[in-house]
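Structure first, then comments.
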Number of protein chains: 2
Amino acid sequence: VHLSGQIQVTLVLPEIPPIDAAARDAARARLDQLTKPRDSLGRLESLAERLAGIQGRSLPRIDRRLIVVAAADHGVTAQSVSAYPAEVTTQMVRNFLDGGAAVCVLARQFGAELRVIDAGVRERIEDPRIVDLRMGPGTADFSAAPAMTAATATRAVQAGIDFAGEIDADAVVCGEMGIGNSTAAAAVAAALLGLRAADVVGPGTGVDLEGMARKRRVVDAALALHRPDASDAVDVLAKVGGFEIAVLSGVVIGCAAARRVVLVDGLISTAAALVASRLSPASPDYMIAGHLSTEPGQPHILRDLGLTPVLDLELRLGEGTGAALALPSLDAACRLLSEMATFDEAAVSRRQGDAAAGIE
Amino acid sequence: VHLSGQIQVTLVLPEIPPIDAAARDAARARLDQLTKPRDSLGRLESLAERLAGIQGRSLPRIDRRLIVVAAADHGVTAQSVSAYPAEVTTQMVRNFLDGGAAVCVLARQFGAELRVIDAGVRERIEDPRIVDLRMGPGTADFSAAPAMTAATATRAVQAGIDFAGEIDADAVVCGEMGIGNSTAAAAVAAALLGLRAADVVGPGTGVDLEGMARKRRVVDAALALHRPDASDAVDVLAKVGGFEIAVLSGVVIGCAAARRVVLVDGLISTAAALVASRLSPASPDYMIAGHLSTEPGQPHILRDLGLTPVLDLELRLGEGTGAALALPSLDAACRLLSEMATFDEAAVSRRQGDAAAGIE
């Protein structure tokens, strides 16, 4: 329960079911029957097991895949924390709709649907394809005032949860766009993990060393000013977060509740997943980290979430690109599990010793 | 020129054209116009550049993809260096033809043709789908005698070159199968890189620590017995190599000569690429390392070849699986380069400073 002026907004968190251990164990048992040395498919084997547990079926598959890009603007851009002007958020939303952004190309390549959420960009774009979850025309500059009220942060998370409850997808890629949002995400991560700005602030869209120093000062000063409560993720979101981060954290929770695979992307997306994990501690069971970002804050969050990234292609673009690129590996894990022949089916001899010892 | 009894066999190496620097630079220039922070697509950008240079076109694309699996048997299996009996090589060749092996699943997933080469399995399989490049019913046990004659090694490399000259593909995945071949590949790598067995011998299909120690002793003893000439890759192949390793090294050379992208897989495939690099020093320009294997020898070879692997999924299966899994990343690099909108096309503002300075 959070109080904001006269308005009291209560976050209604859905129940997150436990992982299906029987399905996971059945997948593991089948992996050991397939015509390959045991564990030789490495991380694809653990991915196949996890997907089975998430979906509750021993032969998981990812048929319907959805990439969500939540966009919002950030008042903190007034502090010159980005290499790009704030108008680029709106311009890129148009680019997402027109199919010209990187994530659009990957959505086509991997047969994914792309949904763009306006969580609060400065300039409203009238387009029926945009999911309207606007919380306002960008956050306040959190170097001076809280980014948003606790009530707004709560409504944003709830909007993400509700959105995730209405979609139809086996796997959801959590992407974002928002000039200034690597500063907000770094502040959220620092607050929740008890780190300093120096640990989590990176170049974002590509600021120089002077810009990085400025970002660090802004983050450390905001944390000193607002003193967000590390045990209250909504308080952290309200004081130094962003609308798209709040909405995405809700999307993560809603997807976990519906047993959907949640693919986490770079720093901002992973910060949203961290918020989700603090609100719904079972949600990381449904998360897969698509890639390791070059942003220094992301590995700290992944470690806290207990996630090992699938790819390391040195991306730092966001939009969901790094998470989308992991989809073929997930598909491969599913297909290898279901389509490979077993030792018996292919009449291939087992390990020396195993056959004699009756190990199957 | 190598002498073997009365027979003199001369290796005819094709000319390998230089990388097309103009196409590579055009790709680079376009990457910097696309609607993303500069370099934010990380390794996908350098892959796009490399593919452009390899194919000699500023917008590369990989339409036709071929996975080659070269299979052969190894006399050194008499020394108990593998967790599986030697009959598994032949059994797995049947599994490749029946579509039940891991690489078959990936070939279907990625729309690749699969060709199986019999480079010399113990038991000949009569099947018109098999490419017959048999050099004999497996190598000799190199713990006692050279694996093959220099003439046979030369003929095997030549057969691979000729095969590669006749195929039709933009990218070729170099896979292999052969019980005992991680021992041969480790010996080849140790000989050519001046390393000891302890640096390059791993568990292969999964021998235990005792088996690993046995493998190391076999490799060190064979190198001491035969003293292969590190400056003569054919001599190394003859003394401690394998038929599939020799044939694959020829495939690599032939692909490079035809400007095909060569995707290198795990320890054995990478050892074949190392042989290719010593015979045709320009061939690494056409190689892409698909993945980092957990076999300890492979990173040593990648370093020598100057290659950075695309994926690290902790695979150690061979068959071309790790290289095949990199195909979607290569496709993504090509598609992002050609399909993303430029800043001008999408009317997206450039970096602050860049626009004012007229940097495009």
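Expressed as a fraction of 2.2 N^0.38 Å, the rule-of-thumb size for a compact globular protein of N residues, what is the C-alpha radius of gyration of chain A? Intermediate values should be presented prior to the final figure.
Details: Rg = 21.1 Å, N = 360, 2.2 N^0.38 = 20.6 Å.
That ratio works out to 1.03.
In the range B:96-129, comparing the full protein assembly with the chain on its own, the residues that lose 30 Å² or more of accessible surface at a 1.4 Å probe are B:G100, B:A102, B:V105, B:R108, B:Q109. Cross-link partners for A:K239 among the lysines, with Cα-Cα distance under 22 Å and sequence neighbours closer than 8 places in the same chain left out: A:K215. With its label point defined 7 Å out from Cα along the Cα-to-Cβ axis, B:G99 lies at 3.2 nm from the matching points of the other copies, in increasing order.
Can you give me the accessible area per residue for the protein assembly as shown, using a 1.4 Å probe, in Å²?
On the way: 24350 Å² over 720 residues.
Heavy-atom accessible area per residue stands at 34 Å².
Separation of the range B:175-194 from the range A:239-297 is 44 Å, based on Cα centroids. For the residues B:E314, A:E166, a 1.4 Å probe over the protein chains yields an accessible-area ranking, largest first, of A:E166, B:E314.
Here, the protein assembly as shown is characterised by an Rg to Rh ratio of 1.03, where Rg is the alpha-carbon radius of gyration and Rh the Kirkwood radius. Note on chain A: GNM, Cα springs under 10 Å; of A:V219, A:V105, A:V264, the largest mean-square fluctuation is that of A:V105. Across peptide B:344-351, the mean count of Cβ atoms from other chains lying within 10 Å of each residue's own Cβ comes to 6. Ranked from shortest, the separations from the 7 Å Cα-to-Cβ label point of A:R227 to its equivalents in the other copies are 7.9 nm.
Show me you know the interface measure: the accessible area buried between A and B, both chains summed, probe 1.4 Å, in Å² to the nearest 100.
4600
Set against the 2.2 N^0.38 Å expectation for a compact globular protein, the range B:1-147 has a Cα radius of gyration ratio of 1.48. For chain B, modelled as a GNM whose springs connect Cα atoms under 10 angstrom apart, the maximal fluctuation among B:L209, B:L237, B:L267 occurs at B:L209. A probe of 1.4 angstrom, applied to the heavy atoms of all protein chains, finds B:V116 with accessible area near 10 square angstrom. The mean count of C-beta atoms from other chains within 10 Å of the C-beta of residues in B:308-320, rounded to a whole number, is 5.
Counting every pair of alpha carbons in the range B:195-343, the share spaced more than 18 Å apart comes to 60 percent. I want to make sure I understand the PRE zone here: with the label point 7 angstrom from the Cα of A:E87 toward its beta carbon, which residues in the range A:106-150 have backbone N atoms less than 18 Å away? Only A:121-126, A:138 fall inside the zone, counting backbone N under 18 Å. Chain B residue nearest the rotation axis toward A, with distance: B:P328, 2 (Cβ to axis, whole Å).
Taken along the Cα-to-beta-carbon direction at a fixed 7 Å, the label points for B:L97 and B:R227 span 4.5 nm. Using a 7 Å projection from Cα along Cα-to-Cβ, the label point at A:T10 is separated from the same position in the remaining copies by 9.1 nm, smallest value first.
Comparing A:G211, A:G138, A:G160 in a Gaussian network model of chain A (Cα springs below 10 Å), the most mobile by mean-square fluctuation is A:G211.
The values are calculated or read from the model by the stated rules, or taken from the named source; none is laboratory data. Computed from a predicted structure; not experimentally measured. So basically every Cβ, Gly included, is an ideal-geometry build from the backbone, and we count neighbours across all protein chains shown. When the accessible area is computed, the model is the full protein with side chains, heavy atoms only, and any ligands, DNA or RNA have been set aside. Shrake-Rupley method; radii C 1.70, N 1.55, O 1.52, S 1.80 Å.
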